[in-house]
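Notes follow the structure.
The values are calculated or read from the model by the stated rules, or taken from the named source; none is laboratory data. A quick note: this is a predicted structure, and the numbers were derived from the prediction, not measured. Note: ideal-geometry Cβ built from the backbone for every residue, glycine included; neighbour counts use all protein chains shown. SASA here: full protein model, heavy atoms, side chains in, ligands and nucleic acids out. Shrake-Rupley method; radii C 1.70, N 1.55, O 1.52, S 1.80 Å.
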Amino acid sequence: MSDRLPGFSTLAVHAGAQPDPTTGARATPIYQTTSFVFNDADHAASLFGLQAFGNIYTRIGNPTNAVLEERVAALEGGTAALAVASGHAAQVVVLQQLLQPGDEFIAARKLYGGSINQFTHAFKSFGWNVVWADPDDIASFERAVTPRTKAIFIESIANPAGSITDIEAISTVARKAGVPLIVDNTLASPYLIRPIDHGADIVVHSLTKFLGGHGNSLGGIIVDAGTFDWSTGGKYPMLSEPRPEYHGIRLQETFGNFAFAIACRVLGLRDLGPALSPFNAFMILTGIETLPLRMQKHCDNAKAVAEFLAGHPAVASVSYAGLANDKYNQLARKYAPKGAGAVFTFSLKGGYDAGVNLVSKLQLFSHLANVGDTRSLVIHPASTTHSQLDDAAKIKSGAGPDVVRLSVGIEDKEDLIADLEQALGA
Ligand SMILES: *Cc1c(COP(=O)(O)O)cnc(C)c1O
């Protein structure tokens, strides 16, 4: 082997995987087992006491899932990762390590609709208070900081309009406030943007979307950048204080730059329980092998579709950061030079009714609530994903009544454009 560092496409295929040591199987096997036999009593005790790494029980870790964790950590440039059952589970597990009841976190207002719900309602019942800020107004993050702030949460490419967030500017605010920056990198994937290179301390994903990529398996992952010092000011007791669950171990002291990933596993996943099925890990790993090919095609198709829509007389406006005249084009050139993703919105001159009509006429685009599938998808956020918001909040989060969201797939772009043309004209 040369001492060349492997490139992104090589890591997408190989990182974390070895031929199976007992059978020689080249694809990563699905270790469909709940539990693992200990060598002896001492081995069992050392695994339970966190003195040795190894498999105990699939709720805490599994060899198929471990390959997925190592692969995504490599692609994101982190020190370690933890796979969980869904993107939402990743968000719960991350914040559980950071917040005590009564604490606050600041979140960008432009987020996946489900995250807005989760933060507003479910997290409130845990005593975790979200404070909203505007990703287009960096000062609004600074103004939101209080002594109880424990984290900042943003999306790199934000749902639903595909706007690009200035990660470096917000990471500067987080550093100043002494709190970690969490970036949901679902819509970009590490092929387009690596948030850790821009100052993120923790990256989360819904693996359900572009990483898995085929619309067939739910999953989520947490990547630890290894950059944050958890010992400052006793603000993060889960990481800095002795843990009674583990004979008084202090996680940061013991595990250093991957202590956060360990906390998520041994305190979060172990006790909350949202484990990823090894079968789903296998499906998602297979998806990741073609991530660079798929993601480039998604972006190239999205750009062609956005250009077509921008020139169509029934379309009032298109929000796609890959268009030269888009508000976010400068940020797209900086953060996502290979392409601005495949999820974006456009608005129709005919308003709400025209949006509903378009969705019903499209044939190749599937009308459903997902993104990041090989297939092209369409949804009218105001009547679905963002319907729980009031009108003002809908508009603020980019989901006004006349807005339609696309997730452009990897079909032939000519066919996608022809489908939109017939649906818009009809
Ligand atoms: C889908 C999605 C989530 C939630 O992920 P699940 O796997 O559905 O739980 C979170 N963030 C973004 C940006 C998403 O697109």
Margin query: Taking the criterion of being under 17 Å from residue 71 (Cα atoms) and within 16 Å of the ligand (Cβ to nearest atom), would at least one residue in region 224-231 satisfy it?
Written below: no
Of the listed residues (348, 293), the one being hydrophobic (A, V, I, L, M, F, W, C), buried (at least 21 other Cβ atoms within 10 Å of the Cβ) and over 30 Å from residue 241 (Cα atoms) is 348
Filter region 396-426 for residues that are part of a helix (DSSP H, G or I) and surrounded by fewer than 16 Cβ atoms within 10 Å (Cβ to Cβ); the one that is farthest from the chain's Cα centre (by Cα) is 425
With respect to residue 122, determine if the residue is modelled with pLDDT of 95 or more, over 15 Å from residue 177 (Cα atoms) and open to solvent by less than 40 Å² (accessible area, probe 1.4 Å). no
Expected output for region 51-64 (first residue closer than 19 Å to residue 22 by Cβ and assigned by TED's automatic domain parsing to the domain that holds residue 29, partner of a type in the set (Gly, Ala, Ser) and surrounded by 17 or more Cβ atoms within 10 Å (Cβ to Cβ), Cβ below 8 Å, 6+ apart or cross-chain) is 55/61; 58/275; 62/275; 62/281; 64/281
When every residue in region 172-206 that is in a helix (DSSP H, G or I) and more than 23 Å from residue 220 (Cα to Cα) is compared, the one farthest from the ligand (Cβ to nearest atom) is 176
Flagged in region 295-338 as assigned to a helix (DSSP H, G or I) and basic (Lys, Arg), in numbering order, are 297, 303, 333, 334
Taking region 46-71 and keeping only residues that are closer than 22 Å to residue 28 by Cα and in contact with a Gly (Cβ under 8 Å, 6 or more places away or on another chain), one is left with 55, 59, 66, 67, 68, 69, 70, 71
Per the filter on region 370-386, residues within 16 Å of the ligand (Cβ to nearest atom), open to solvent by 30 Å² or more (accessible area, probe 1.4 Å) and under 20 Å from residue 120 (Cα atoms) are 384, 385
The residue that is farthest from the ligand (Cβ to nearest atom), considering only those in region 58-115 that are open to solvent by 10 Å² or more (accessible area, probe 1.4 Å) and at pLDDT below 95, is 109
